[in-house]
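Everything below concerns the one structure shown next.
The values are calculated or read from the model by the stated rules, or taken from the named source; none is laboratory data. Remember, it's a predicted structure, so these values are computed and weren't measured experimentally. Note: ideal-geometry Cβ built from the backbone for every residue, glycine included; neighbour counts use all protein chains shown.
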Amino acid sequence: MLLEVQNLTTEFVTDDGVATAVDGVSWGVRRGEILAIVGESGCGKSVTAMSVMRLIPTPPGRIVGGRVLLHSEAGVAAGGENMAPIDLLSIPDREMRRVRGARVAMIFQEPMSALNPVMTVGAQIVEAIRLHRGLNRRDAYASAVDLLQRVGIPAPEKRVHDYPHQLSGGMRQRVMIAMGLSCNPELLIADEPTTALDVTVQAQIIELLLELRDQTGMGVVLITHDLGVVAEMADRVCVMYAGRIVESADTQQIFSSPLHPYTQGLLHSLPRIDRSMDRLNVIPGQVPDPLHFPPGCRFHPRCDLTRRLAADGGGDRSTEVLERCIRRTETKPGGDPPLRDVSTDHGVACWEAPGYESGGATQ
Amino acid sequence: MVDNSATTVSCATTVSCTTAIPCTTTISYKRRVWRRFRTHRRGMFGLAMIVVLVGVAMTAPLIAGNVPILCHYQGAWQAPGVVDCLRRFPILDRVIPPSYPFSKAGFDAKEALSEDDFSLWPPVAYGPSETTRVSLAGPSKRHWLGTDEVGRDVFSRMVHGTVVSVQVGIVSMGIAGVLGIFFGAIAGYFGRWVDAVVSRVIEIVICFPDFFLILTVMVWLEPNITNVMVVIGLTRWTGIARYTRGEFLRLKEMDFVVAARANGAGAARIVLRHLLPNALAPILVTISFGVAQAILIEAGLSWLGFGVQPPAPSWGNLLRSAYDHYRDAPHLVYPPCIAIFLAVLAHNLVGDSLRDAIDPRVHATGKVKV
Amino acid sequence: MIRVDTSIDTESLVRACDIKTYFTRSTGLLRSQEVVKAVDGVSLDIPEKRTVGLVGESGCGKTTLGRTILRLIPATSGSVVFDGADVFSADRSALRRMRRHMQLIFQDPVGSLNPRMTIGAIVAEPIVVHNIARGREIADRVAVLLERVGLRGEHQNRYPHEFSGGQRQRIGIARALASSPKFIVCDEPVSALDVSIQSQILNLLSDLREELGLSYLFIAHDLAVVRHFCDTVSVMYLGRIVESAPTDELFANPRHPYTQALLQSAPVPDPSRRGGKRILTGEVPSPIDPPTGCAFHPRCPFAKPECSISYPDLITRDGLSERHSVACHLADDKLTIT
């Protein structure tokens, strides 16, 4: 494991109450692995990433629980470094600033707002390099040109003198990636890296990220809403809904045998470019508002299963299932289902998933 | 029919109301802004002070004056203070007759009313121009803030000076607001040559340092409060116009305006239904700062002797006369100073908080120069 | 003039002919005039009760074209005939009457609704402007429209911010339907929505199309959505249509290298089909200074010298159906990006 997130919980205090944007989420990413966290707006995927980086604006946000363990590489440990993992949520700010950029880097959806408009891109990369690697100006500059070359920017020795507005959207995203890579991070967190880009450019950036992963062996956490991008890039997938992970498995399995009704619904509701279809399947209802998550299983108001059973009206089986998915009391088994492994490396959080009853807690 | 709507779902699941819309009464934009405004302590403090100021201005003769609020005189009940108070408003002064003989020149209510007559006096029973024999006295039970060089009660003059400041704020910014919104709106909506003409006019007007422009104009005009208000209004509209123009230019490109055009809505409908309601709140912010500026300008003009003319009281000329007698009666300086400071501060605080309430993301600290 | 003939089975409702929309802007100290050719000679035929898709990357002019057709942006030249009447030469009152029958649905569910108006007033606006109903009847009609798009009629006096993105998009659709239009320009109606909401809105739009006999110009960048929703598709690149064909044909047999590249780069939600794609290099050039000849030639893997000299006509080709036209010098060579 490179990074382990355990029971992460992040809240936001708003005018209308406390919103638990991320509620006890656990996942891990290995070196050289691309983990996709996929979900719709308000599901907490970006907040998860920001919490790992400790970039949650406080107030209104606060991380109320959990651990984020960054493990050292075995080789480094042998060199005399501390072998125990460090908990990114408990180290002092100073140390966290050293971790950011040097060991964990982050890139954003909107490169224009993440780049300083009055500095040349070269100057910005040089600054990042000098901050963390302590190189002198000349070496840092050479290294910046080198980085731009690596992220596929043509004529990098000229482009270093450009200002962000002189570059196209795709080029800006490449610059962002170059900045992220400037200190050879062990982990890259990419928050919707291709969402603002056109299809042809998106394909270029996806390929670039895959290449860089292969070259450097870094772990990548990909935050996205686009299942197409997930299928193209990810090794493993966590599906988030209403602040929780509802399913996690390797990419093949998520797409070929999804277990959670939400994952199934998402996959079936997608129009496909590779085949024509008559009518789209639909997940009814709205994406829930973090201030008003439904009681019981948070997906139940939109769930096919509970709706079918409720429509049946009566029947022992349906009453039993309904009670378990909808109930709010803690005395009987039921309520919000925790994530459990139903087979090797395939976790799901649904009372009705096959094998769920006998499944063990994940990790 | 579409069976996939949120509403159908929540009914089918037998769960309590889980629609995305909470089952409460609807909240309009105004109420949302007010809700956020209420959370700003400084803004609420400013608003409270403005309410007090306006209240004092409206009821000045009941707080300090040389006629009783209510009395029994020559066998009849009279309320000369209340009548005075009401007759200060336009229109009402035509409807309500002055209370004879209290309003007659030279009539002294204090002497005319005998001990036996019932009379209820204002807390400070001195008119703003009423002279007493004690001049430059310190604060006392009779004269709360002392008296000035000719023996007039300073508290009474302060209270009646409030009227001037409030009037200046409302009337001058009313004029500036109408002009500014009108010119800003036509420049922003029509664009092209209209915009070019209005923008040039604005540029020319703001080229002149406005205080000196007002001073110059006041040299030609008869210096009285009406002229002060009109001149401030005519010179201070540019900020509002520029702001309105900017808002209109921004809003004009919004999709809901395009939608209105696609529906065939005319210019009047687009301006009045779509653009102005959305631009109004931020314009109010600039107007709020503008009121603060206007109060300052009036005080400055009166201090220099170009504004409200003595013996009529205004904070500016009170400060002037206090300044002239600084050595003999230093206590006279503070009341007008504090009053001007608080009035300006109150409007700036309200403007700041209103801006934050409109756009909760902005945490502005500085004051906008209008 | 090259006409994209899609009017075989039904009559054409909207016929746009050689539309050019140029923007001029002055820049710099010397006020030099720059001309942005946002739409540069596009002809489009939208048959009655059909959906024409318009695909392209950002800046290709698809939104401008949609709004030019509705005369929301003045065209530099060209003509649009809507239901037998010329849109661009119509006088004010004629245009107003026309507007009743052509409507627009927006991408941004937040910006397209006036935050200061209740949704009842928003949906009622076309009814009021066109004087379709009065008094009580307006509210009744609005209630029916809201119910039709899947909202509750009694939500009329609520404000837009109380609704989620998908619900706001439904309100926008109700407004577009209020004046009983025949033709609706859908400008990326689902691209700002969550995945699970997209399919709801697409199904709603397609139900309405069948029920009310609507014609759509469906502008999108998502090829999967277009494939699902449209009868014919036109692909735009830098202000021009490069390929136009019935949907199934276009997806099965794309002839223009750009169309092929678009289809290749779209991510498919199926990990077993990962990788092995030919990815286009470079990005869309600026429409201020477009490449000479075929605008696509700097990125085209097959570009020949002639491509940088003359712009290829949008015409039908041998071996393709008569409704399939391609603007490529090399279209007859049957080259394929693989």
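Check the stretch C:256-275 and report whether any residue there is more than 13 Å from every other protein chain (Cβ to nearest Cβ), touching a His at 6+ places or on another chain (Cβ under 9 Å) and at pLDDT 85 or above. Can you show your working first?
From the stretch C:256-275, those more than 13 Å from every other protein chain (Cβ to nearest Cβ) are C:256; that's our starting set.
Next, from what is left, pick out any that are touching a His at 6+ places or on another chain (Cβ under 9 Å): none.
The answer is no; no qualifying residue exists.
Output the residues belonging to the stretch B:131-156 that are among the charged types (D, E, K, R), touching a Gly at 6+ places or on another chain (Cβ under 9 Å) and surrounded by 13 or more Cβ atoms within 10 Å (Cβ to Cβ). Don't jump to the end; show me each part of the working.
Residues of the stretch B:131-156 that are among the charged types (D, E, K, R), as a first pass: B:133, B:141-142, B:148-149, B:152-153.
Now drop any that are not touching a Gly at 6+ places or on another chain (Cβ under 9 Å), which leaves B:133, B:152-153.
Those that are among the charged types (D, E, K, R), touching a Gly at 6+ places or on another chain (Cβ under 9 Å) and surrounded by 13 or more Cβ atoms within 10 Å (Cβ to Cβ): B:Arg152, B:Asp153.
Hey, any hits in the stretch C:175-186 for a residue that's within 14 Å of chain A (Cβ to nearest Cβ), under 28 Å from C:Asp140 (Cα atoms), surrounded by fewer than 22 Cβ atoms within 10 Å (Cβ to Cβ) and more than 15 Å from the chain's Cα centre (by Cα)? Quick ask: steps written out before the conclusion?
The initial filter retains those residues of the stretch C:175-186 that are within 14 Å of chain A (Cβ to nearest Cβ), namely none.
No; the residues of the stretch C:175-186 include none that is within 14 Å of chain A (Cβ to nearest Cβ), under 28 Å from C:Asp140 (Cα atoms), surrounded by fewer than 22 Cβ atoms within 10 Å (Cβ to Cβ) and more than 15 Å from the chain's Cα centre (by Cα).
Is it fair to say B:Ile232 is of a type in the set (A, V, I, L, M), crowded, with 24+ Cβ neighbours inside 10 Å, touching a His at 6+ places or on another chain (Cβ under 8 Å) and farther than 27 Å from C:His161 by Cβ? Even if it seems obvious, please write down each step before you answer.
Numbers: of a type in the set (A, V, I, L, M): yes; crowded, with 24+ Cβ neighbours inside 10 Å: yes; touching a His at 6+ places or on another chain (Cβ under 8 Å): no; farther than 27 Å from C:His161 by Cβ: yes.
So B:Ile232 fails the test.
Restricting the search to the stretch A:92-126, which residues are among the β-branched types (Val, Ile, Thr) and surrounded by fewer than 16 Cβ atoms within 10 Å (Cβ to Cβ)?
The first filter runs over the stretch A:92-126 and keeps only residues among the β-branched types (Val, Ile, Thr), leaving A:99, A:104, A:107, A:118, A:120-121, A:125-126.
Correct list: A:Val118 only.
A:Asp198 - would you say it is charged (D, E, K, R) and surrounded by fewer than 21 Cβ atoms within 10 Å (Cβ to Cβ)? Please lay out each step first, then the result.
Details: charged (D, E, K, R): yes; surrounded by fewer than 21 Cβ atoms within 10 Å (Cβ to Cβ): no.
When the stated conditions are applied, A:Asp198 does not pass them.
Looking at the stretch A:265-291, which of its residues are over 30 Å from C:Leu263 (Cα atoms) and more than 7 Å from every other protein chain (Cβ to nearest Cβ)?
A:Pro288, A:Pro290, A:Leu291, listed by residue number.
Can you list residue pairs whose Cβ atoms sit under 6 Å apart, with the first residue in the stretch C:296-308 being under 16 Å from C:Asp332 (Cα atoms) and the second being in a loop (DSSP other than H, G, I, E, B)? Count only pairs 6 or more apart in sequence or on different chains.
C:Phe302/C:Leu330; C:Phe302/C:Leu335; C:Ala303/C:His297; C:Glu306/C:His329; C:Cys307/C:Gly293; C:Cys307/C:Cys294; C:Cys307/C:His297; C:Cys307/C:His329
Are there any pairs with C-beta distances below 9 angstrom linking a residue in the stretch A:227-251 that is under 13 Å from A:Glu33 (Cβ atoms) to a residue that is assigned to a helix (DSSP H, G or I) and among the acidic types (Asp, Glu), with the two at least 6 apart or on different chains, and if so which?
From residues that are under 13 Å from A:Glu33 (Cβ atoms), there are no pairs.
How many residues are more than 11 Å from chain A (Cβ to nearest Cβ), among the hydroxyl-bearing types (Ser, Thr, Tyr) and within 18 Å of C:Pro257 (Cα to Cα) when one looks only at the stretch C:207-243?
1
Using the structure shown, decide if A:Gly219 is touching a helix residue (DSSP H, G or I) at 6+ places or on another chain (Cβ under 9 Å), surrounded by 22 or more Cβ atoms within 10 Å (Cβ to Cβ) and more than 11 Å from every other protein chain (Cβ to nearest Cβ).
Numbers: touching a helix residue (DSSP H, G or I) at 6+ places or on another chain (Cβ under 9 Å): yes; surrounded by 22 or more Cβ atoms within 10 Å (Cβ to Cβ): yes; more than 11 Å from every other protein chain (Cβ to nearest Cβ): yes.
Answer is yes for this residue.
Is it true that A:Leu305 is out of contact with any Gly (no Cβ under 9 Å at 6 or more places or on another chain), modelled with pLDDT of 75 or more, of a type in the set (A, V, I, L, M) and in a loop (DSSP other than H, G, I, E, B)?
Numbers: out of contact with any Gly (no Cβ under 9 Å at 6 or more places or on another chain): yes; modelled with pLDDT of 75 or more: yes; of a type in the set (A, V, I, L, M): yes; in a loop (DSSP other than H, G, I, E, B): no.
Criteria not met by A:Leu305.
State the number of residues belonging to the stretch B:125-136 that are farther than 24 Å from B:Pro80 by Cα and touching a residue at least 40 places away in the same chain (Cβ under 8 Å).
1
Checking the structure you have, find out if any residue of the stretch C:247-254 is more than 12 Å from chain A (Cβ to nearest Cβ) and at pLDDT 85 or above. Full working, then the answer.
Here is the first cut: in the stretch C:247-254, the residues more than 12 Å from chain A (Cβ to nearest Cβ) are C:253.
Cutting the leftovers down to at pLDDT 85 or above gives us C:253.
So far as the stretch C:247-254 goes, yes, one or more of its residues are more than 12 Å from chain A (Cβ to nearest Cβ) and at pLDDT 85 or above.
Residues to consider are A:Ala203, A:Ala128; find the one that is aliphatic (A, V, I, L, M), part of a helix (DSSP H, G or I) and over 23 Å from A:Val52 (Cβ atoms).
Values: A:Ala128 fails: over 23 Å from A:Val52 (Cβ atoms).
Exactly one of A:Ala203, A:Ala128 is aliphatic (A, V, I, L, M), part of a helix (DSSP H, G or I) and over 23 Å from A:Val52 (Cβ atoms), namely A:Ala203.
Does B:Tyr100 satisfy being under 27 Å from the mean Cα position of the chain (by Cα) and over 23 Å from B:Phe341 (Cα atoms)?
On the way: under 27 Å from the mean Cα position of the chain (by Cα): no; over 23 Å from B:Phe341 (Cα atoms): yes.
Against the criterion (under 27 Å from the mean Cα position of the chain (by Cα) and over 23 Å from B:Phe341 (Cα atoms)), B:Tyr100 does not qualify.
Checking the condition within 14 Å of another protein chain (Cβ to nearest Cβ) and closer than 30 Å to B:Leu215 by Cβ, which residue from B:Leu280, B:Leu304, B:Leu284 passes? Break it down stepwise before answering.
Details: B:Leu280 fails: closer than 30 Å to B:Leu215 by Cβ; B:Leu304 fails: within 14 Å of another protein chain (Cβ to nearest Cβ).
Result: B:Leu284 is the single residue among B:Leu280, B:Leu304, B:Leu284 that is within 14 Å of another protein chain (Cβ to nearest Cβ) and closer than 30 Å to B:Leu215 by Cβ.
I need the helices (runs of 4 or more DSSP H) fully contained in the stretch B:1-80, keeping only those with at least 1 residues that are of a type in the set (Phe, Trp, Tyr) and either modelled with pLDDT of 50 or more or not assigned by TED's automatic domain parsing to the domain that holds B:Ser114 (or both). Working first, answer last.
On the way: elements: B:6-12, B:29-38, B:41-58, B:60-63.
In the stretch B:1-80, the matching helices (runs of 4 or more DSSP H) lie at B:29-38, B:41-58.
Does B:Gly266 satisfy being among the small types (Gly, Ala, Ser) and either under 27 Å from the mean Cα position of the chain (by Cα) or farther than 29 Å from C:Ile73 by Cβ (or both)? Full working, then the answer.
On the way: among the small types (Gly, Ala, Ser): yes; either under 27 Å from the mean Cα position of the chain (by Cα) or farther than 29 Å from C:Ile73 by Cβ (or both): no.
So B:Gly266 fails the test.
One residue is enough: does the stretch B:150-163 have a residue meeting the conditions part of a loop (DSSP other than H, G, I, E, B) and closer than 30 Å to B:Leu342 by Cβ? Even if it seems obvious, please write down each step before you answer.
Narrowing the stretch B:150-163 to residues part of a loop (DSSP other than H, G, I, E, B): B:150-151.
Then keep just the ones that are closer than 30 Å to B:Leu342 by Cβ; that gives B:150-151.
Yes, the stretch B:150-163 has at least one match.
What number of residues within the stretch A:160-170 satisfy the criterion of being at pLDDT 85 or above, of a type outside the set (Val, Ile, Thr) and surrounded by 14 or more Cβ atoms within 10 Å (Cβ to Cβ)?
3
Go through (1) of a type in the set (Asp, Glu); (2) facing chain B (nearest Cβ under 9 Å); (3) without any contact (Cβ under 8 Å) to a residue 24 or more places away in the chain and name the single condition C:Glu137 misses.
Going through (1) of a type in the set (Asp, Glu); (2) facing chain B (nearest Cβ under 9 Å); (3) without any contact (Cβ under 8 Å) to a residue 24 or more places away in the chain one by one, C:Glu137 breaks only (2).
Would you check which residues across the stretch B:298-326 are surrounded by 24 or more Cβ atoms within 10 Å (Cβ to Cβ) and either in a helix (DSSP H, G or I) or at pLDDT 85 or above (or both) and list them?
B:Glu298, B:Ala299, B:Leu301, B:Ser302, B:Pro313, B:Ser314, B:Trp315, B:Gly316, B:Asn317, B:Leu318
What number of residues within the stretch C:276-315 satisfy the criterion of being in contact with a Lys or Arg (Cβ under 8 Å, 6 or more places away or on another chain), among the polar types (S, T, N, Q) and more than 14 Å from chain A (Cβ to nearest Cβ)?
The qualifying residues number 0.
Take A:Ala196 and tell me if it is under 21 Å from the mean Cα position of the chain (by Cα) and at pLDDT below 85.
Details: under 21 Å from the mean Cα position of the chain (by Cα): yes; at pLDDT below 85: yes.
When the stated conditions are applied, A:Ala196 passes them.
Can you name the residue in the stretch C:42-58 that is away from chain A (no Cβ under 14 Å) and part of a strand (DSSP E or B) and, of all such residues, is nearest to C:Leu238 (Cα to Cα)? Can you show your working first?
Pass one, the stretch C:42-58, residues away from chain A (no Cβ under 14 Å): C:42-50, C:52, C:54.
If we keep only those that are part of a strand (DSSP E or B) too, we end up with C:42-47, C:52, C:54.
Numbers: C:Val42: 11, C:Ser43: 14, C:Leu44: 16, C:Asp45: 19, C:Ile46: 21, C:Pro47: 25, C:Val52: 19, C:Leu54: 13 Å.
Within the stretch C:42-58, the match that is nearest to C:Leu238 (Cα to Cα) is C:Val42.
Considering only the stretch A:24-53, how many residues are crowded, with 18+ Cβ neighbours inside 10 Å and closer than 28 Å to B:Arg36 by Cα?
7
Out of C:Pro301, C:Pro246, C:Pro254, C:Pro267, I need the residue that is of a type outside the set (Asp, Glu) and farther than 20 Å from A:Met277 by Cα. Which one?
Numbers: C:Pro246 fails: farther than 20 Å from A:Met277 by Cα; C:Pro254 fails: farther than 20 Å from A:Met277 by Cα; C:Pro267 fails: farther than 20 Å from A:Met277 by Cα.
Going through C:Pro301, C:Pro246, C:Pro254, C:Pro267 in turn, just one is of a type outside the set (Asp, Glu) and farther than 20 Å from A:Met277 by Cα: C:Pro301.
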